[in-house]
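Since the structure comes first, as structure tokens, the remarks are kept for the end.
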């Protein structure tokens, strides 16, 4: 089965959700996660702290450099993700449609590269 990353995007500066709306998102995401697990599509998932908590690590000319993140400048950042297993892109897109409804945010779908057998 192919693995896909469903990436949740958050927009910096968007109005904060009310406590009631935030609780609904939590419940809906929990239900979505349970559906993924039951179906066997669940691989891994996680929510991320805001982009301003990131640290960018790189090596230049043999020297380790660390800078405050995020790496990409912009208002849209990754807020969380799921890694799922699906038979094809259409199935992954169907899961993404459910994910975007659950988390009330845009969700990007990207396949992982196939890992050649050893």
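The values are calculated or read from the model by the stated rules, or taken from the named source; none is laboratory data. Note that the structure is predicted; figures quoted are calculated from it, not measured. Cβ atoms come from the backbone with ideal geometry, glycine included; neighbour counts cover every protein chain shown.
Exactly one of (1) within 29 Å of residue 15 (Cβ to Cβ); (2) not in a helix (DSSP H, G or I) is unmet by residue 36. Its number?
Single failed check for residue 36: (2).
Within the bounds of the stretch 52-75, is there any residue that is touching a residue at least 40 places away in the same chain (Cβ under 8 Å), under 14 Å from residue 105 (Cβ atoms) and not in a loop (DSSP other than H, G, I, E, B)?
There is no residue in the stretch 52-75 that is touching a residue at least 40 places away in the same chain (Cβ under 8 Å), under 14 Å from residue 105 (Cβ atoms) and not in a loop (DSSP other than H, G, I, E, B).
So residue 46 ticks every box in (1) farther than 22 Å from residue 12 by Cβ; (2) exposed (fewer than 11 other Cβ atoms within 10 Å of the Cβ) but one. Which box is left unticked?
(1)
Can you tell me which residue within the stretch 1-33, out of those that are part of a loop (DSSP other than H, G, I, E, B) and in contact with a strand residue (DSSP E or B) (Cβ under 8 Å, 6 or more places away or on another chain), is modelled with the lowest pLDDT?
The selected residue is 12.
Looking at 104, 88 in this structure, which one is surrounded by fewer than 16 Cβ atoms within 10 Å (Cβ to Cβ), more than 29 Å from residue 18 (Cα to Cα) and touching a residue at least 60 places away in the same chain (Cβ under 8 Å)?
From the options 104, 88, the qualifying one is 88.
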